[in-house]
């Protein structure tokens, strides 16, 4: 299997393709969105923020967050993607092999340890946690002890030239903000397992939705969100 991501980005927004063909193309900004799954990570109706936005801290404007769209087609909103040191690897497609990427986060500020501790704490009731406050998630509530297994991870990429002018104190001359928020094709994965956690890093292994079948019970989480027939019996 060869991905269009690796062959000229043929499915990208036309403005992205055009930008890549410039003599001095703009840098690529990598953004991530993590969505918690109802009945796995929290009890609906949600009384907490169930989506986290972050980036790897790489930005020419050298500030903590990047403003970009949340990608919601019905209710698009500009949100802050919080800067967290992260190493994203293994997204390249190969022949006959699906990628199983890894996300390795710096845990120097215990950001993800706090989040993991929160979602692994089977408590009832909580107070809303702003998505921008990723270091203060100690009051989240969940159903089971799962280390974020099954959470949806969306990888987004765009060219730095397309960032909104609100990201800069002094807008650079190369900025060409586009209100359509052009991106490379989004890539969607799910957290398969937490592979490592210590004082320095937290690492997650990701998998495509249909590649999660290789995980054996009871680690495999089957929900109606991903499998509509789950829980249905016909004799």
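If you check 98, 143, 116, 148 for being modelled with pLDDT of 75 or more and either exposed (fewer than 15 other Cβ atoms within 10 Å of the Cβ) or under 30 Å from residue 13 (Cα atoms) (or both), only one passes: 98. Pairs are defined by a Cβ separation below 8 Å, a sequence spacing of at least 6 or placement on different chains, a first member in the range 74-95 that is farther than 29 Å from residue 110 by Cα, and a second member that is not in a loop (DSSP other than H, G, I, E, B); the pairs so defined are 76/69. For the range 169-190, a tally of residues being out of contact with any strand residue (DSSP E or B) (no Cβ under 8 Å at 6 or more places or on another chain) and either buried (at least 16 other Cβ atoms within 10 Å of the Cβ) or closer than 24 Å to residue 14 by Cα (or both) returns 11. Selection of first residues in the range 191-213 that are surrounded by fewer than 19 Cβ atoms within 10 Å (Cβ to Cβ) and of second residues that are modelled with pLDDT of 90 or more and assigned to a loop (DSSP other than H, G, I, E, B), restricted to Cβ pairs under 8 Å at least 6 apart or on distinct chains, gives the following pairs, ordered by first then second residue: 205/101. Only one entry in 65, 26 is more than 21 Å from the chain's Cα centre (by Cα) and modelled with pLDDT of 80 or more, namely 26. The residues of the range 79-95 that are surrounded by 13 or more Cβ atoms within 10 Å (Cβ to Cβ) and modelled with pLDDT of 80 or more, listed by number, are 79, 80, 81, 82, 83, 84, 85, 86, 88, 91.
Here 154, 158 are screened, and the one residue that is in contact with a helix residue (DSSP H, G or I) (Cβ under 9 Å, 6 or more places away or on another chain), modelled with pLDDT of 70 or more and not in a loop (DSSP other than H, G, I, E, B) is 158.
Scanning the range 75-98 for residues that are over 17 Å from residue 30 (Cα atoms) and in contact with a helix residue (DSSP H, G or I) (Cβ under 9 Å, 6 or more places away or on another chain) turns up just one, 98.
Across the range 66-107, what is the total count of residues that are in contact with a strand residue (DSSP E or B) (Cβ under 8 Å, 6 or more places away or on another chain) and assigned to a strand (DSSP E or B)? Matching residues across the range 66-107 total 19. Against the numbered list (1) surrounded by 17 or more Cβ atoms within 10 Å (Cβ to Cβ); (2) within 30 Å of residue 118 (Cβ to Cβ); (3) at pLDDT 75 or above, residue 16 comes up short only at (2).
The values are calculated or read from the model by the stated rules, or taken from the named source; none is laboratory data. Quick caveat, the model's predicted, so the values are computed rather than measured. Here the Cβ is made from the backbone with ideal geometry for all residues, glycine too, and neighbour counts use every protein chain on show.
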